[in-house]
Amino acid sequence: MQVHLTNRQQHILSATIRHYIATAEPVGSKTLVDEYNLGVSSATIRNVMGVLEKAGLLYQPHTSAGRVPSDSGYRIYVDQLITPSETLAREVELSLQKRLKWEDWSLEALLQGAAHILATLSGCITLITMPQTATAVLRHLQLVQIETGRVMLIVVTDGYETHSALMDLPQASKDTQPDAEVIDRELQIVSNFLNSHLRGRSITELASLKWSQLDREFQIYGEFLKKSIAEFAHRTLTPSAAQIMVRGVAEVLRQPEFSELQQVQMLIHLLEEEQDQLWRLIFEEQPETEEVGKPRVTVRIGSENPLEPIRTCSLISSTYRRGSVAVGSVGVLGPTRLDYEGAIAVVAAAADYLSEAFSYFNP
């Protein structure tokens, strides 16, 4: 959003937003004169606030009330008027380092601990996704005959997670009865082919193998494997509802913005029953900043959020990575009236910490 503000307009908009964030009360010109050293009269402040209201950055909830920030006002504030808190970022980093032990904890326990710490420090709902299978690197693939005409594909990733899927073998001819020993030998040869071409790739690349490279005598497996592995990859990559860790809900719901029961019910339903929608929103790939390997923190304010239950909230998120590949996400969710300097710093510091931690679990 391109809006040019004078220095005075910037100072008054910033003061108005900071006071509203702190009090949840509409802000009048007298309050700004009394509590902020703006160096201008109450009349001047009223005039400037009127200009900001006409620009759509402030509005009056009631005729006799002071002003409150609009989503557009918060957007200007975030993009132009604040700097993330280095002090809070350092506090987050030290707290995570002190209270979480990579050597002694599983990855899931580490993420649970991080979510609890972030919820406490930010005062927001914290959302952390588990690492996505999509980015897991393939270590070994094996086709095993389970019974006549049925095989199991077993996939082992670099994190030693195992995935499997049952498949029906194609029949070369309705008149021939396959020999189990012959099929076992053929499956081993095809398994060797799969490992030589797919080891070291991610699961998202499973369906990209050039099946024409199979020797002619094994071409019968080509189309069958192409279709079956594509289905396996799609099923494996579909996020499950258990992949987002949520902490800090009770504290946030005490905020005055959540006084309506219907709004609370919609939010709780999203967090508990529709996590797949939320997952797609917060795991969206983040462009890198000018510092290579550092993902950008994304701030979605109010109506910028596509999901109805959080269109009165702000969602701040970033990804944690293995090298340059995004493997999961961390975010905080709260009312639009939140401490953006602190929340952005918290998310950025947590994403950096989890990226470092993930390199420990996935050397």
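Please treat every number below as a calculation from the coordinates, not as lab data. These figures come from a predicted structure and were not determined experimentally. Cβ: placed from backbone, ideal geometry, glycine included. Neighbour counts: every protein chain shown.
Observations on the structure shown:
- Using 0.36 nm per residue and subtracting the Cα-Cα separation, the extra length available between residue 59 and residue 101 on full extension is 10.4 nm.
- Using a Förster distance of 25 Å, the FRET efficiency for residue 35-residue 251 (Cβ separation, nearest 0.05): 0.40
- Taking label points 7 Å from Cα along the Cα-to-Cβ direction, residue 156 and residue 274 give a separation of 4.2 nm.
- Cβ-based net charge around residue 146, under 12 Å, with every Lys or Arg adding one and every Asp or Glu removing one: -2
- Sequence-separation-based contact order of region 7-81, relative, with Cα cut under 8 Å and 6+ spacing, percent: 35
- Taking 95, 106 and counting other C-beta atoms within 10 Å, the order from fewest to most: 106, 95
- For region 7-81: rounded, prolate or oblate by the Cα gyration tensor [a/c cutoff 1.5]: rounded
- Residues in region 1-31 reached by a label modelled at residue 44 [backbone nitrogen below 20 Å; 7 Å Cα→Cβ]: 5-19, 28-31
- Inter-label distance for residue 262 and residue 201, nm, one decimal - labels placed 7 Å from Cα along Cα-to-Cβ: 5.1
- Remark: the residue 324-residue 184 segment gains 46.4 nm on full extension, using 0.36 nm per residue and subtracting the alpha carbon distance.
- Charge tally in the Cβ shell below 14 Å around residue 262, where Lys, Arg are +1 and Asp, Glu are -1, residue 262 excluded: -2
- At most 15 other Cβ within 10 Å, DSSP loop - chymotrypsin sites (Phe, Trp or Tyr not before Pro), region 58-158: 102, 105
- Rough spin-label spacing in nm, given labels placed 7 Å along Cα→Cβ, for residue 144 and residue 24: 5.6
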